[in-house]
Amino acid sequence: MDHRQLPPTRPFDHVDHCPWLFEKEATEEQRAAQRERQRKLGGDSEVGERCYVAESAAVYPDVLRLGDDSYIAAHAYVTGDLTTGTDCTLNPFTVVRGTVVLGDGVRIGAHTSLLGFNHSTAPDQPVFRQPQTSRGITVGDDVWIGSHVVVVDGVTIGDHCVIGAGAVVTKDVPAWTVAAGNPARRIRDRRETGGRERVGGDALTRFADTARAQAADLLDRCWNGDHYTDRPGAAPTVRAHCDAVEIADLLLGSAPEQLDTAAHIERLTTLQDRETGLIPELGEQLPPMDADGFIGDGPALYHVLSVGYALDLLGASFTQPVHGVGNMTASQLVARLEGLSWRDGAWGAGAWIDAWATAAHWNLRHPGSGGLNPGTLEALFGWLLTRADPWTGMWGSPSATAGRLQVVNGYYRLTRGSFAQFGVPVPHPERVVDAVLDHVRDTRYFGAGRENACNVLDVAHPLWLSTRQSGGRGAGGDGYRSAEIRGWAEQQLAAALTRWQDGKGFGFGPGTVGPGPEPGLQGTEMWLAIVWLLADLLGRSDLLGYRPRGVHRPEPARGA
């Protein structure tokens, strides 16, 4: 016999033990018998839609309110006042007595007892003659109570809890708790992924104190006597100098000590090409300008961010505007946006927008420059808002080979320079959360030991930005999918803190992408910002004692 089919001769014997089969497979005769069974329930009883009460269950309530899509399975014993929400299950041999209230989606394992009453224990008469008392048991939404559990009178079990098999629950259980044992005790928070324990405040404070104490040495390690390098033995780069400025500001509150502040400013401002306002790599020439007066790729695009914010942290600014952005018309900008490689290169498209929008930000702050052509900034946001995919909130499409990597990483760069920098709300923030949480399940990028700074940052910032709009602020936030976001952040934060190498800082990440695994300035600057974002998603960033103010600043830069 196919065990999924109801036995024709004994209609309720099998389904009494497997009541989830009833709604799909019962015959009309069996449905009529079940309606009659429910009609004859004693007491003040109301049974919702698509419910099942086993023929063999002993159900003798004073009051019964059984929510839709709920069932009472074989040999359960129910007395007193029971109220359930929707989708609740009392599995075989469950005992529910006294006053018990269940929320929505509660699962109660076989042979479990919820005893919402008690006897007095005064010494003046035998126990069996003592009066009964009842404070009642309350169980929240989305709770799984395992088999052979006992819950005593007066207990409240919060939303989203899991109670392990065989537990004896004598005290209230807070929401999201996984508890087990006799008496039941907290094992972990259900939001913590992979069984990882919460990163405590002491660990965050110790990490930040260590980083501050070692900051001067790790900066000096990357100074070759004349220029900053990402790591010892590497070639000097513009970004290395800017990363040094960001790290010193973040951890020391000052300019790196290898040069005085005025010398840092002079070094960085003299890098700017007078004809274009762009900054080439050390020892290199700028690429030719495109027909619209700006460039399409290369390190000079990121230097708009890194040099601009390094100067800002030093109390200075570019000596001239970025001319290709200032002179571009709205129609030229729209043509450029339409021509970006959204299908196969969403990260590059997002990086280009990040650079253009950041140059626009500096131009608008530049005295007497005229800033931008009329309508270009409006054209940027108008184009982006009308092109965002309403299913993902993002721009571009996933690929069969890279999954969502290009789209999510491009989203970070795009929104960093535009929406976040200018303080404009992103479109469809909840859809963004969905897309990002789908992406973090891709083990090619987020398997154990495979995370690099770029990929983690490009998830942490979109989650941070989106939750600020959907109300899920900090550890106590109750925004859209906030528990999953906190679980991911907890896991990533715990892993990130272990990557710090004494006196050297952080490496970028494994493999050959980016600077690689050796500790250096870029990895250190990025991971320090990531740690802050992850801690802030968990409501603990204040324990670090630092807050990014440069490229990875959380606040909008416009108006600052």
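The values are calculated or read from the model by the stated rules, or taken from the named source; none is laboratory data. Source: prediction; values computed, not measured. FYI the Cβ positions are ideal-geometry reconstructions off the backbone, even for glycines, and counts take in every protein chain you see.
Can we say residue 510 is part of a loop (DSSP other than H, G, I, E, B) and farther than 22 Å from residue 436 by Cα?
For residue 510, the condition - part of a loop (DSSP other than H, G, I, E, B) and farther than 22 Å from residue 436 by Cα - is not met.
Tally time: how many residues in region 340-364 are surrounded by fewer than 17 Cβ atoms within 10 Å (Cβ to Cβ) and over 25 Å from residue 454 (Cβ atoms)?
Qualifying residue count for the region: 1.
I need the full set of residues from region 285-312 which are closer than 22 Å to residue 260 by Cα and either β-branched (Val, Ile, Thr) or surrounded by fewer than 21 Cβ atoms within 10 Å (Cβ to Cβ) (or both), in order please.
307
Inspect region 542-559 for any residue being without any contact (Cβ under 8 Å) to a residue 12 or more places away in the chain, part of a helix (DSSP H, G or I) and in contact with a helix residue (DSSP H, G or I) (Cβ under 7 Å, 6 or more places away or on another chain) and give the result as yes or no.
No, region 542-559 contains no residue that is without any contact (Cβ under 8 Å) to a residue 12 or more places away in the chain, part of a helix (DSSP H, G or I) and in contact with a helix residue (DSSP H, G or I) (Cβ under 7 Å, 6 or more places away or on another chain).
Out of the residues in region 175-192 meeting the condition of being part of a loop (DSSP other than H, G, I, E, B) and modelled with pLDDT under 85, tell me which one is surrounded by the fewest Cβ atoms within 10 Å (Cβ to Cβ).
Out of the qualifying residues, it is 190.
Being in a strand (DSSP E or B) and either farther than 26 Å from residue 131 by Cα or of a type in the set (D, E, K, R) (or both) narrows it down to one of 65, 50, 35, so name that one. Please lay out each step first, then the result.
Values: 50 fails: in a strand (DSSP E or B); 35 fails: in a strand (DSSP E or B).
Checking each option against the conditions leaves just 65.
Kindly list the number of the only condition in (1) buried (at least 17 other Cβ atoms within 10 Å of the Cβ); (2) free of Cβ contacts under 8 Å to residues at least 60 places away in the same chain that fails for residue 123.
Going through (1) buried (at least 17 other Cβ atoms within 10 Å of the Cβ); (2) free of Cβ contacts under 8 Å to residues at least 60 places away in the same chain one by one, residue 123 breaks only (1).
Residue check, residue 527 against (1) farther than 15 Å from residue 205 by Cβ; (2) in a helix (DSSP H, G or I); (3) without any contact (Cβ under 8 Å) to a residue 24 or more places away in the chain, all met but one. Which one?
The single condition residue 527 does not satisfy is (3).
Residue 171 versus (1) at pLDDT 90 or above; (2) under 21 Å from residue 62 (Cβ atoms); (3) not aliphatic (A, V, I, L, M): which is the lone unmet condition?
Residue 171 satisfies all of (1) at pLDDT 90 or above; (2) under 21 Å from residue 62 (Cβ atoms); (3) not aliphatic (A, V, I, L, M) except (2).
Report every pair of residues separated by at least 6 positions or lying on different chains whose Cβ atoms are under 7 Å apart, first residue within region 74-92 and under 19 Å from residue 16 (Cβ atoms), second surrounded by fewer than 20 Cβ atoms within 10 Å (Cβ to Cβ) and β-branched (Val, Ile, Thr).
Within 7 Å, the pairs are 77/95.
Is there a residue in region 72-87 that is in contact with a Pro (Cβ under 6 Å, 6 or more places away or on another chain), at pLDDT below 90 and outside any strand (DSSP E or B)?
no
If you scan region 126-135, which residues turn out to be surrounded by fewer than 12 Cβ atoms within 10 Å (Cβ to Cβ) and assigned to a strand (DSSP E or B)?
132
Out of all the residues in region 427-460, which are among the aliphatic types (A, V, I, L, M), within 22 Å of residue 351 (Cβ to Cβ) and in a helix (DSSP H, G or I)? I'd like the intermediate steps shown before the answer.
First, the residues of region 427-460 that are among the aliphatic types (A, V, I, L, M): 432-433, 435-437, 440, 448, 453, 456-457, 459-460.
The next check asks that each one be within 22 Å of residue 351 (Cβ to Cβ); those that pass are 432, 435-436, 440, 453, 456-457, 459-460.
432, 435, 436, 453, 456, 457, 459, 460, listed by residue number.
Out of the residues in region 93-109 meeting the condition of being part of a loop (DSSP other than H, G, I, E, B) and under 35 Å from the mean Cα position of the chain (by Cα), tell me which one is farthest from residue 21 (Cα to Cα). So that I can check it myself, show each step before the final result.
Initially, region 93-109 is screened for residues part of a loop (DSSP other than H, G, I, E, B), giving 93-94, 103-105, 109.
This time we only want the ones that are under 35 Å from the mean Cα position of the chain (by Cα), so: 103-105, 109.
Details: 103: 23, 104: 20, 105: 18, 109: 17 Å.
Within region 93-109, the match that is farthest from residue 21 (Cα to Cα) is 103.
Condition first: farther than 20 Å from residue 444 by Cβ and among the small types (Gly, Ala, Ser). Now tell me which residues in region 495-522 satisfy that.
Scanning region 495-522 gives 503, 505, 520.
Could you list, in sequence order, all residues of region 425-465 that are in contact (Cβ under 8 Å) with a residue 60 or more places away in the chain and at negative phi? Break it down into steps so the answer makes sense when it comes.
Residues of region 425-465 in contact (Cβ under 8 Å) with a residue 60 or more places away in the chain: 449-450, 452-454, 456-457, 460-461, 463-464.
Within region 425-465, 450, 452, 453, 454, 456, 457, 460, 461, 463, 464 meet the criteria.
State all residues of region 235-244 that are touching a residue at least 60 places away in the same chain (Cβ under 8 Å), in contact with a Gly (Cβ under 9 Å, 6 or more places away or on another chain) and more than 17 Å from residue 217 (Cβ to Cβ); if no residue qualifies, say none.
242
Can you find even one residue in region 193-201 that is closer than 30 Å to residue 245 by Cβ and either crowded, with 18+ Cβ neighbours inside 10 Å or more than 27 Å from the chain's Cα centre (by Cα) (or both)?
Yes, because at least one residue in region 193-201 is closer than 30 Å to residue 245 by Cβ and either crowded, with 18+ Cβ neighbours inside 10 Å or more than 27 Å from the chain's Cα centre (by Cα) (or both).
Does residue 243 satisfy the criteria of being in a helix (DSSP H, G or I) and under 39 Å from the mean Cα position of the chain (by Cα)?
yes
Would you point out the residue of region 64-78, among those that are more than 34 Å from the chain's Cα centre (by Cα) and surrounded by fewer than 19 Cβ atoms within 10 Å (Cβ to Cβ), that is nearest to residue 39 (Cα to Cα)? Write out each step before concluding.
Of the residues in region 64-78, the ones more than 34 Å from the chain's Cα centre (by Cα) are 64-66, 71-78.
Filter again for surrounded by fewer than 19 Cβ atoms within 10 Å (Cβ to Cβ), leaving 65, 75, 77.
Values: 65: 13, 75: 19, 77: 18 Å.
In this case the residue turns out to be 65.
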